[in-house]
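Enquirer: Here you go, one structure.
The values are calculated or read from the model by the stated rules, or taken from the named source; none is laboratory data. Everything numeric in this text was worked out from a predicted model, so none of it was measured. When we count neighbours, we look across all protein chains shown, and the Cβ atoms used for this are built from the backbone with ideal geometry, even at glycine. When the accessible area is computed, the model is the full protein with side chains, heavy atoms only, and any ligands, DNA or RNA have been set aside. Shrake-Rupley method; radii C 1.70, N 1.55, O 1.52, S 1.80 Å.
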Amino acid sequence: MSREAEGVKVSELARVVGGHVAGDGEVVIRRVADLESATEGAVAFVEDTKVISLALKSKASCLIVPEGEAIAGKSCIEARQPKLAFALVAEVLHPPKRKESFVDLTAVVRESANVHASAFVGAHAHIGLRSEIKAEAQIHHNVFIGDDVSIGRRCVIHPNVTIYDGVRLGERVILHAGVVIGADGFGYVRDVTGAYHKFPQVGTVEIGDDVEIGANTCIDRAALGLTRIGRGTKIDNLVQIGHNVLIGECVVIAAQTGISGSTVIEDDCVIGGQVGMGDHARVERGAIVGSKAGILPGKIVRAGQVMWGVPVRPLDEYKRLNAHFGRLPQMHKELQELRRRVAELTAQVGGSNEKDS
Amino acid sequence: MSREAEGVKVSELARVVGGHVAGDGEVVIRRVADLESATEGAVAFVEDTKVISLALKSKASCLIVPEGEAIAGKSCIEARQPKLAFALVAEVLHPPKRKESFVDLTAVVRESANVHASAFVGAHAHIGLRSEIKAEAQIHHNVFIGDDVSIGRRCVIHPNVTIYDGVRLGERVILHAGVVIGADGFGYVRDVTGAYHKFPQVGTVEIGDDVEIGANTCIDRAALGLTRIGRGTKIDNLVQIGHNVLIGECVVIAAQTGISGSTVIEDDCVIGGQVGMGDHARVERGAIVGSKAGILPGKIVRAGQVMWGVPVRPLDEYKRLNAHFGRLPQMHKELQELRRRVAELTAQVGGSNEKDS
Amino acid sequence: MSREAEGVKVSELARVVGGHVAGDGEVVIRRVADLESATEGAVAFVEDTKVISLALKSKASCLIVPEGEAIAGKSCIEARQPKLAFALVAEVLHPPKRKESFVDLTAVVRESANVHASAFVGAHAHIGLRSEIKAEAQIHHNVFIGDDVSIGRRCVIHPNVTIYDGVRLGERVILHAGVVIGADGFGYVRDVTGAYHKFPQVGTVEIGDDVEIGANTCIDRAALGLTRIGRGTKIDNLVQIGHNVLIGECVVIAAQTGISGSTVIEDDCVIGGQVGMGDHARVERGAIVGSKAGILPGKIVRAGQVMWGVPVRPLDEYKRLNAHFGRLPQMHKELQELRRRVAELTAQVGGSNEKDS
């Protein structure tokens, strides 16, 4: 049952997030909200003392504030990272709705499939041959799971997801609606008649623990071997991950980005939206790639670099070049002016030369 | 029943579109077509007298033409906006196919759901707890509708759409196949160990009357509060709308555009395809953003501006800069030539100086 | 039954691909692999003698090598195009899994539909009125097929695909999960009140033989007439094809590319990922368009051209301009230096002029 109905005391929330109470710890909190729209029973957060005037006006019953920034007369929780504390409080107040253990009568579960007794399988879902659905996993309405698939503990697979044969998911993976995992990679070989033949797409996909993948995102199976998404990585909606791509741990990839075959993204990288990466590129640990950037095939982005543009350049250089780009008309004028001056000088000098002669 | 079979007289079509008949009003029309492919029984339109030779050759039984441009010997409808009149005529001749009121036996409708007797619910669809499907709504095959959802009158929800809990649709909304409404927004907070925690995504999505949304487009729920799509707005395929985005009325957004969290697009804007907008940007009323443009986070595009490029600039400036960009090699040559001339001058002047001294 | 279990002799594989055996032709092969991960029973290929050291270390039981490049002591197949031969061998060893002829009891097949006795129709699939599913076609779980659709022989339609009314597919077409074929094109006409009216979208989509279309790709129906994808064309994931687009034969289109209404792409073109094409453009036979390129409405790319950039330019010019772009700061410095020199010269010459007067 949700904690929203009954509510949780500020003192208990403070304990959960490792913060401490300033003011009344007995106040009962039922939901999270932002400062502006908060009403009685809500907790909001103040990440930055710049919004302090907003905080003073807020109707929230409790504020999570930076350490030492408690507001007199308000029930506050002081925390080192108020936004993080707010996220943890939300997990307590609004735990993700979980369906009861149950296999819907309209679901099709193949006999050789192994669905844990604590799992949920929704209406019109399909679980293929020899596939395993582990404890407390939630397979929602109309999910298609092929043969020989493994779905780890406490995974949540939202409606209309398709998981092809042989794909393996770790624990607590969340796939949003419309995600497709394990479709064939895009590889063909042309023969002398001009016809394209499918390059074998007989590898698979492995997704680590605590990965979340946004709606309608596609992750292709490997041609040979493995496409891999590392533990704790978060991928937004409508992203394309090609065959044999290897993505490390705790990588963040924003919406509509596309990553071509065999490219490697190491741990802790942050990739903006609508980025395109050619095949066989490598983005090393902790690098940041700005939205709409383009990375050429085979390119290496070094660890920790911040890269923007098409093709990518270090952010400083990108900004400098863009500034120059914006001054091109002025540069053009200056160049014309110089040509005029030089022509004048030539005439003058030529004239004086004549006099001299 | 479709009007295609029986046909409609030109005079009746003229009345519907507020145009007037020139020529024979008794001709029976059964379908719309373009000028080239039209055959007997078809109506086509002439928006522009430039295509008059095409119009003269057309086998269409009726032409919709600009006022005062009727063609002698042809059955014509004169209209102020011929293309608009053509669209209205098409609504008469080819009304969208509507399913009879019916709940398919294979659909799963939760007991607390409220499906109007005049609605249609297709095979393998799912209607969640307390959700309301209003009069004459069409919920097609295999649509998933979660709990506490509201679907307005005469909505059409095409197959394989997913609507998460709590989403509200106005009247006559059309969602094409594969659309996902209300998946979690993309927001995380990192802790000291480097792990990402989900920022709460507990808001919802509200979609106004007469909105149409293209195939496989995703509209995320708000973190807190509301993601909103205003009345009469039209969104193309594969578009990404982030959490807490607010889109006004009669906005048009072309395919594969992505709009990051909390960005605002006011009424009557036109947004091209593959545009990317950073978070917390604002595009004011009636602005136009060209295809592939990039809008930085926090950027404001003023009302009525026409903006192109990455990052966006006013169209005139964009064109000017692109022209200069294309002349860079020439500019480079001119610069080299000037350096040569200046070196010569320096030598000459240095020479004459010597003579002067 | 898969040939993986029983295996195939090298001599038989050589015969299939038109290569010839060098070394032991009796070796039994069970699967394809790459050079590094190959183990006993696997066949790998060597496209290029640059990887010969990798080939020498490989544990593959058979190598497919260029003609005249057999490795002593290894079982080899010499072939003119080793990668192509490898693809053909993979078709033998790993034929696509085909379901037995069967209509799942949970599928909904309308009475007037015509499903061939040798076809497969999966769980919760839907086949609409008068639709035809031809011999050996595979309609997977939860596919929605509307009315008056035609699915050719040996087509494979993966789960959660949506095919709207009237669409026609040739033979051996593969549609990956989440594909949407035949949704309404994106066309509206605005009236004087500012409201948008749907332009009629009453055409259809026709897809030729041997086309493969990637996951979550959308192909819109024509407004009037036809959207057409030619024989042998391959389209990647998350691609958008607008209404009335005409794509020729053996075209390759990478992921997340978008093609606007009425644009034409002729035979044998190669289109990169995240490309955007405006409406009414034309890409002529055999042209290549680089990733992330932008093609303006109405633009013509000539046969065989290689084009990059936004807006597209010939690749050579694109590279030259990018090089100049990267040197803008240097150009700026040179210009400043020239201005200083010219000012000095002016002073000198002016001085000498004064002396002259």
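Enquirer: Shape of segment B:1-115 from its Cα gyration tensor (a ≥ b ≥ c, root eigenvalues): rounded if a/c is under 1.5, otherwise prolate when a/b > b/c, or oblate?
Expert: Working: a/c = 2.82, a/b = 2.71, b/c = 1.04.
Prolate is the answer for segment B:1-115, as a/c is 1.5 or above and a/b outweighs b/c.
Enquirer: Still on this structure, I have one more. In straight Cα distance, which aspartates and glutamates are under 16 Å from C:K9, not counting same-chain residues fewer than 8 positions off?
Expert: The qualifying aspartates and glutamates are C:D24, C:E26, C:E40, C:E78, C:E91.
Enquirer: Put +1 on the Cβ of each Lys and Arg and -1 on the Cβ of each Asp and Glu in the protein assembly as shown; which of C:C155, A:T233, A:Y318 then has its Cα farthest toward the positive end of the dipole?
Expert: Sorting the options by dipole projection puts first A:Y318.
Enquirer: Evaluate the charge dipole of chain A about its Cα centre and quote only its size in Debye, nearest 20, assuming +1 on the Cβ of each Lys and Arg and -1 on the Cβ of each Asp and Glu.
Expert: Values: 41 positive and 44 negative charges, 134 e Å.
Dipole magnitude for chain A comes out near 640 debye.
Enquirer: Sticking with this one: Calculate the FRET efficiency for A:A303 and B:S101 from the Cβ-Cβ distance with a Förster distance of 45 Å, rounded to the nearest 0.05. If you can, show how the numbers build up before the last one.
Expert: On the way: r = 62 Å, r/R0 = 1.38.
Once the sixth-power term is evaluated, E becomes 0.15.
Enquirer: Also, quick follow-up: Taking the label point 7 Å from Cα in the Cβ direction, how far apart in nm is C:E317 from each other copy of itself, listed shortest first?
Expert: Shortest to longest, the spacings are 2.6, 2.6 nm.
Enquirer: Return the average number of partner chain Cβ atoms within 10 angstrom of each residue Cβ along peptide B:29-42.
Expert: Numbers: counts 0, 0, 3, 5, 5, 6, 1, 2, 4, 1, 0, 0, 0, 1.
So the per-residue partner count for this stretch is 2.
Enquirer: If I compute solvent accessible area with a 1.4 Å probe over the protein chains, what percent of it on segment B:1-106 is carbon and sulfur?
Expert: Numbers: 2960 of 5700 Å².
Roughly 52 percent, rounded to a whole number.
Enquirer: Per residue of A:267-279, how many C-beta atoms from partner chains lie within 10 Å of its own C-beta, taken as a mean? Please report the intermediate quantities before stating the final value.
Expert: Details: counts 1, 2, 0, 0, 0, 3, 11, 13, 3, 9, 2, 5, 2.
What the average comes to for A:267-279 is 4.
Enquirer: Under a point-charge model restricted to the Cβ atoms of Lys and Arg (+1) and Asp and Glu (-1), what is the dipole moment magnitude of the protein assembly as shown relative to its Cα centre, in debye to the nearest 20?
Expert: Numbers: 123 positive and 132 negative charges, 329 e Å.
It works out to roughly 1580 debye.
Enquirer: State the answer as a single residue: which of B:G19, B:S58, B:P96 lies farthest towards the positive end of the charge dipole of segment B:1-123, with beta carbon charges of +1 for Lys and Arg and -1 for Asp and Glu, about the Cα centre.
Expert: Among B:G19, B:S58, B:P96, the one farthest towards the positive end of the dipole of segment B:1-123 is B:P96.
Enquirer: Placing +1 on the Cβ of each Lys and Arg and -1 on the Cβ of each Asp and Glu in the protein assembly as shown, which of A:Q305, C:A113, B:V10 has its Cα farthest towards the positive end of the resulting dipole?
Expert: Highest projection toward the positive end goes to A:Q305.
Enquirer: Compute the accessible area of each residue in segment C:213-237 twice, once for its chain alone and once with every protein chain present, using a 1.4 Å probe on heavy atoms, and list those whose area falls by at least 40 Å².
Expert: C:N216, C:C218, C:L224, C:K234, C:D236, C:N237
Enquirer: To continue, here is another question. Within 10 Å of each Cβ in peptide A:136-142, how many partner chain Cβ atoms are there on average? Round it to a whole number, please.
Expert: On the way: counts 0, 0, 0, 0, 4, 11, 14.
If you average over the peptide's residues, the count of other-chain Cβ atoms is 4.
Enquirer: Kindly identify segment C:176-269 as rounded, prolate or oblate by the Cα gyration tensor criterion: order the square roots of the eigenvalues as a ≥ b ≥ c, call it rounded if a/c is under 1.5, otherwise compare a/b with b/c, prolate if a/b is larger, else oblate.
Expert: Details: a/c = 2.30, a/b = 1.91, b/c = 1.21.
Verdict is prolate for segment C:176-269.
Enquirer: Here's a follow-up. I want to check the label-to-label distance for B:R130 and C:K57. Put each point 7 Å from Cα in the C-beta direction and report it in nm to one decimal.
Expert: Calculated label separation equals 6.3 nm.
Enquirer: Considering only C:E344, C:E111, C:E132, give the residue with the highest GNM mean-square fluctuation for chain C, with springs between Cα atoms whenever their separation is below 10 Å.
Expert: Ranking C:E344, C:E111, C:E132 by mean-square fluctuation puts C:E344 first.
Enquirer: By per-residue mean of other Cβ atoms within 10 Å, what is the highest-first order of B:303-311, C:117-125?
Expert: Listed from highest to lowest mean packing, they are C:117-125, B:303-311.
Enquirer: Further question on the same structure: When Lys and Arg each count +1 and Asp and Glu each count -1, what net charge do the other residues less than 11 Å away from B:R130, Cβ to Cβ, add up to? Display every interim value, and only then the final one.
Expert: Working: positive: B:R110; negative: B:E111, B:E132, B:D147, B:D148, B:D165.
Overall, the nearby charge balance is -4.
Enquirer: Taking A:S53 in one copy and the same position in all the others, each labelled 7 Å out along Cα→Cβ, what are the pairwise distances from the first, in nm, shortest first?
Expert: Shortest to longest, the spacings are 6.8, 6.8 nm.
Enquirer: Now for a separate question. Ordered shortest first, which distances in nm separate the 7 Å Cα→C-beta label point of A:N114 from those of the other copies?
Expert: Label-point distances to the other copies, shortest first: 4.7, 4.7 nm.
Enquirer: Assign unit charges at the C-beta atoms only (+1 for Lys and Arg, -1 for Asp and Glu), then state the dipole size of segment A:57-148 relative to its Cα centre in Debye, rounded to the nearest 20.
Expert: Numbers: 11 positive and 11 negative charges, 98 e Å.
Using Cβ point charges on Lys, Arg, Asp and Glu, segment A:57-148 gives about 480 debye.
Enquirer: Who wins for biggest fluctuation among C:Q201, C:Q81, C:Q256 in a Gaussian network model of chain C, springs between alpha carbons below 10 Å?
Expert: C:Q81
Enquirer: To the nearest 100 Å², how much accessible surface do chains C and B hide from each other in total, with a 1.4 Å probe? Don't skip to the answer; put the middle values down first.
Expert: On the way: alone 19070 and 19060 Å², together 33050 Å².
Interface between C and B: roughly 5100 Å².
Enquirer: Do you know the Lys pair count in segment C:44-202 for C-alpha distances under 28 Å, with sequence separation 8 or more or different chains?
Expert: For segment C:44-202, the number of qualifying lysine pairs is 12.
Enquirer: With each pseudo-label sitting 7 Å past Cα toward Cβ, what's the C:S11-B:R327 distance in nm, one decimal?
Expert: Placing both labels 7 Å along Cα→Cβ, they lie 7.4 nm apart.
Enquirer: Need one word for the protein assembly as shown: rounded, prolate or oblate. Basis is the Cα gyration tensor (sqrt eigenvalues a ≥ b ≥ c); a/c below 1.5 gives rounded, then a/b vs b/c decides. All intermediate terms of the calculation are to be shown ahead of the outcome.
Expert: Values: a/c = 1.25, a/b = 1.25, b/c = 1.00.
Here the protein assembly as shown falls in the rounded category.
Enquirer: Taking the Cβ of A:R168 as the center, what net charge do the other residues with Cβ under 12 Å away carry, scoring Lys and Arg +1 and Asp and Glu -1? List each step's numbers first, then the result.
Expert: On the way: positive: A:K134, A:R221, A:R228; negative: A:E132, A:D148, A:D165, A:E171, A:E206, A:D209.
Local charge sum for A:R168: -3.
Enquirer: By the scheme Lys and Arg +1, Asp and Glu -1, what is the net charge of all other residues having a beta-carbon under 9 Å from that of B:P329?
Expert: Values: positive: B:R327, B:K333, C:R320; negative: C:E317.
So the surrounding residues net to +2.
Enquirer: Related question: Working from Cα positions, state the angle (0 to 90°, nearest 10) between the long axis of helix B:315-326 and the longest principal axis of chain B.
Expert: With rounding to tens, the tilt is 50 degrees.
Enquirer: Setting aside same-chain residues fewer than 8 positions from A:K319, which lysines have a Cα under 21 Å from its Cα?
Expert: A:K292, A:K299, B:K292, B:K299, B:K319, C:K292, C:K319, C:K333
Enquirer: Label-point separation (nm) for A:L296 and B:L226, each offset 7 Å from Cα along Cα-to-Cβ?
Expert: Here the modelled spin labels are 4.9 nm apart.
Enquirer: With the full set of protein chains in place, find how many percent of the accessible area of segment C:254-308 is carbon and sulfur; take the probe as 1.4 Å. The partial results should precede the final answer.
Expert: Details: 1020 of 1870 Å².
Reported share for carbon and sulfur atoms: 54 percent.
Enquirer: Given the peptides B:211-220, B:20-29, arrange them by the average over their residues of other C-beta atoms within 10 Å, most packed first.
Expert: Values: B:211-220: 28.5, B:20-29: 17.6.
So the order, starting with the most tightly packed, is B:211-220, B:20-29.
Enquirer: When chain B is treated as a GNM, springs tying every alpha-carbon pair under 10 Å, which of B:V173, B:V51, B:V289 comes out with the largest mean-square fluctuation?
Expert: Taking springs between Cα atoms under 10 Å, the residue moving most is B:V51.
Enquirer: Further, regarding this structure: With axes computed from alpha carbons, what is the tilt in degrees of helix B:82-93 against the longest principal axis of chain B, rounded to the nearest 10 within 0 to 90?
Expert: Approximately 30 degrees, to the nearest ten.
Enquirer: In square angstrom, what is the accessible area per residue of the protein assembly as shown with a 1.4 angstrom probe?
Expert: Working: 42210 Å² over 1071 residues.
About 39 Å² of surface per residue is accessible.
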